Structures are given as C-alpha cells and as structure tokens.
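Q: One structure coming up, written as structure tokens, with questions to follow.
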Amino acid sequence: MGLSLRMRRRGGTKKDILTPAITTSGKEEEIVIPSQFQCPISYDLMKDPVIIASGITYDRENIEKWFESGNQTCPVTNTVLATLDQTPNHAIRRMIQEWCVAKGSSLDRVPTPRVPVTGHQAIEICGKLLSATRRGDHVVCVEMVEKMKRLGQESERNKKCFKANGVGLVLCVCFDAFSENESASGLLEGVLLLLTWMFPIGSEGQSNLTSTTSFTRLVGFMKSGDQNAAFLVKELLSLDEANVHKLAAINGVFDALVKSIRDSSSLTSIFHMISAKPETTSRFMELGLVNSTVEMLVDSENSVCEKALLVLDAICESNEGRTIVRGNELVMPILVKKVLKISESAKKDLVSVMWKICKTGDGTEVEEALRLGAFKKLVVMLQVGCGEGTKEKVTELLKMMNRHMKINGFVDVSDSSIEFKHLKRSS
C-alpha cells in the first residue's frame, strides 16, 4: 500500500520530488514524482487536477480552499481572475493515473474524481423537490432527497453547494408538508439528515419546522432515538426563544427530552427550556431530570459533563430544583471531585451549583463539602485564577466553610483561616 505523497518545496521552485513508498517486499524506496503532477499550492501529487482561468492546473481541494479564503487571484501568476470556475484537466489526470499504474504496487492509483455538484444542478434538484412537495408526490420527493444525500456524502463541497442554493428552505417546506403523513417516515428521516447540513436556516424555514405538526413529528423522532431530530430541536431553540414556548406546548416533549438525555443535543435543549421558561422545571423534576443529569456527570466525557453542569445550574435557580439537587447523595461528591478537572466554563457552572445549594441550605451541605476536601480545592482555584463572577462565589463559599470550621471545630481553624486570608489578599 502506498504512503502519503507529501511534497516539499526546495529552493523556492517546483521540481521533481523524491518520496518514500513501500514495495511488495516491504522495503522502502524513493520514487521521483514529476513536477507537472504536483499541485503548485501543496506540492502533493494531484488527485483531482482542475484548470482555472489563468490556465494553471491545481488540485481541486487546494484551489477551492484558496478561493474560500477570499482570494480571487491565481496563486502562481498572482493575476486577478475573471472567473473562479474550475475545469477538470482530464489529460493530466489520465497521465497521473497511468504513471501510478506504471509504478506498480508501490503506489496507490489515483481514483477518477467525482464531478462536484454545480449551482445549476442544485437549483434544478431543489426545484423538483419543491414541485413534488406542493403536489404531494411522495415518490419523487424520496428520489430527490436520496439523490441529495448521495451527492452530499461525496464531498463537503457538494453540501455547501446545496446550502448556498436554497435547499434548506425547501427541505423545511417538505418536512412540514409531510409531517402528518405516518407513511412518510423514511422521507422525513432523510430530510432530517439533510437539514443537519443546512443550519443556520432563515426565519421562513424556521416557521415551517416549528409549526405544531412539524414540532410534533420532531418530538416523535426524538422519542425513537433519532439524533438528527435532537440536533435540529437544539438548533431551533438556540435560534429563537419563541421556539421554546412553541415546543413546550407539544405533547410528550418533556418525556422525549429526558429519555434522550444521553444525546448532548437534548441536554442543551433542556437548558434552553428551563432558562427561557422556568415553569418547565417542575415537569422535568417529575420525570427525574436531576438523577439523570447527575448520572451524566458520573461517566460522560468532558463536553457532555459541561452541558450537564449547565442544566444542573439552571435547575438550581428554583427552590424546588435546589431541594431535589440537595436530596441526591451523589451531587456534592461529584462536584468536589470534578472541580479542578474540568474546563474554565464548566468550573463556573459547577461553582455556581455548589454556591446555590450551600448558601440556601441548612449547613449540612457546607459540612459535607468540607469533609470531602472542597476547601483546599477552592483555594487552589483562587490561586490559579478564575472569572470575576466565579471568584466571588468561590470566596463566599470559603467564607461559609471558614465560619463552619470555627463554630464546629471541624479542622484546625487557625491554619485554614490564615491560608484563606492570605489568598484573599493576593488575589
């Protein structure tokens, strides 16, 4: 199997390059790659050579990145280009393929590249989907959606092309139109996948996806574990707070979100709902949200833990929420264990949770935090540094703990007080 054909620029000019390759016997040998087969940008062997308006040939991926960066010139000649169109250089591609074959098994043969979707093709497919949607033609809609899925999975460029040519809005219209059709699940699942490539979508598209029938169908997909549906709901809630109120009115949405809480998208959606509509907290509590969220803190990766802490902090905004959080025996041990092991943004939420349940508790939470070693860890947080809001909460927590130690003789008060006061002055 061939090695990566990475080129190196020598002396500022492009020339034939030696590159290592593995022979069938397992020995490494140097292969000379002709300069005309190298992309002038990367000095790699070209896999999809295209000619631009200046007449110079580049590898498609590299020249597209050049144009996407805002450049409108030829990298080699520095001339301003009249058009950014790219034309496949079939002659060079065939020569490269023949050269790879001639080198035998020491090099991978460069495959024939797939022609990328053009704006005209994207608009044509989009038009067919819209027409089929308006006349309720399920078969043609499925055909167009499957075609876009296939083309989109070929390259990121194709996905961007569909997005740039209005496909997102038409997909929203299609989803809304078939959302009440129970036999259209396959079509709608395909539309959901395509929509994950299209965000953010405009207000018109949002209005279709957030209709009562569309939201109801999205919730149904979430209940069955569809991650694309969970992602779309999260995106819709983050785009507009009004969408939170629409979603909250959908039957079964709270059960669906808690059931799919292992999906980080659902965690974020729950946070948006509790933050924008605090009265939803009670319903989430009834469904065991606190226990589920705490379980996420125990065994999930850091990015999920961050979202779980965000939800837990939002829950602690209400008296009911704080009461239930205090009642979970795992909460304080987990908070103390993770306080120095997570990102800065997550530390902010963790400290906020600890501060809320300690400040409004009866003192048992402060005692438990002390017993678990929270004092020293919070002192370290002050030493290392943290945001102003977090710093204030850490300082107040340390004061609460310090008072508790003095009153109850929990530890050697004088030493801890000296350490605390010293850090307070130096922060």
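Q: Can you find, within the range 40-60, the residue that is most open to solvent (accessible area, probe 1.4 Å) among those that are touching an Asp or Glu at 6+ places or on another chain (Cβ under 7 Å) and more than 22 Å from Ala82 (Cβ to Cβ)?
A: Lys47
Q: So which residues in the range 253-291 are touching an Asp or Glu at 6+ places or on another chain (Cβ under 7 Å) and either more than 15 Å from Ile315 (Cα to Cα) or open to solvent by 10 Å² or more (accessible area, probe 1.4 Å) (or both), if there are any at all?
A: Ala276, Pro278, Ser282, Met285, Leu287
Q: Restricting the search to the range 297-327, which residues are touching an Asp or Glu at 6+ places or on another chain (Cβ under 6 Å) and open to solvent by 30 Å² or more (accessible area, probe 1.4 Å)?
A: Keep residues of the range 297-327 that are touching an Asp or Glu at 6+ places or on another chain (Cβ under 6 Å), which gives 309-310, 313.
Passing the criteria: only Leu310.
Q: If you don't mind, another one. Starting from residues that are closer than 11 Å to Lys348 by Cα and not basic (Lys, Arg), keep the ones in the range 382-391 and report whichever is surrounded by the fewest Cβ atoms within 10 Å (Cβ to Cβ).
A: Here the residue is Glu388.
Q: Within the range 318-332, can one find any residue that is assigned to a helix (DSSP H, G or I) and within 21 Å of Leu237 (Cα to Cα)?
A: No, there is no match, as no residue in the range 318-332 is assigned to a helix (DSSP H, G or I) and within 21 Å of Leu237 (Cα to Cα).
Q: While we're on this one: Would you call Val294 part of a helix (DSSP H, G or I), within 17 Å of Ser264 (Cα to Cα) and open to solvent by 20 Å² or more (accessible area, probe 1.4 Å)?
A: no
Q: Inspect the range 121-140 for any residue being modelled with pLDDT under 90, outside any helix (DSSP H, G or I) and open to solvent by 80 Å² or more (accessible area, probe 1.4 Å) and give the result as yes or no. Before the answer, list the steps.
A: Filtering the range 121-140 down to residues modelled with pLDDT under 90 leaves none.
Checked against the condition, which is being modelled with pLDDT under 90, outside any helix (DSSP H, G or I) and open to solvent by 80 Å² or more (accessible area, probe 1.4 Å), the range 121-140 yields no hits at all.
Q: Being surrounded by fewer than 11 Cβ atoms within 10 Å (Cβ to Cβ) and more than 20 Å from Arg157 (Cβ to Cβ) is the filter here, so list the residues in the range 67-79 that pass it.
A: Asn78
Q: Looking at (1) assigned to a helix (DSSP H, G or I); (2) out of contact with any His (no Cβ under 7 Å at 6 or more places or on another chain), which is the only condition Leu340 fails?
A: So Leu340 meets the others, but not (1).
Q: Being closer than 17 Å to Leu192 by Cα, in contact (Cβ under 8 Å) with a residue 24 or more places away in the chain and open to solvent by 50 Å² or more (accessible area, probe 1.4 Å) is the filter here, so list the residues in the range 143-161 that pass it.
A: Residue satisfying the conditions is Glu146 alone.
Q: Look through Leu209, Leu195 and report the one residue that is over 18 Å from Gly136 (Cα atoms) and of a type in the set (A, V, I, L, M).
A: Being over 18 Å from Gly136 (Cα atoms) and of a type in the set (A, V, I, L, M) holds for just one of Leu209, Leu195, which is Leu195.
The values are calculated or read from the model by the stated rules, or taken from the named source; none is laboratory data. Just so it is clear, the structure is predicted and the values come from calculations on it, not from any experiment. Positions of Cβ are backbone-derived with ideal geometry, glycine not excepted, and every protein chain shown enters the neighbour counts. The accessibility values were calculated without ligands, DNA or RNA, using every heavy atom of the protein model including side chains. Shrake-Rupley method; radii C 1.70, N 1.55, O 1.52, S 1.80 Å.
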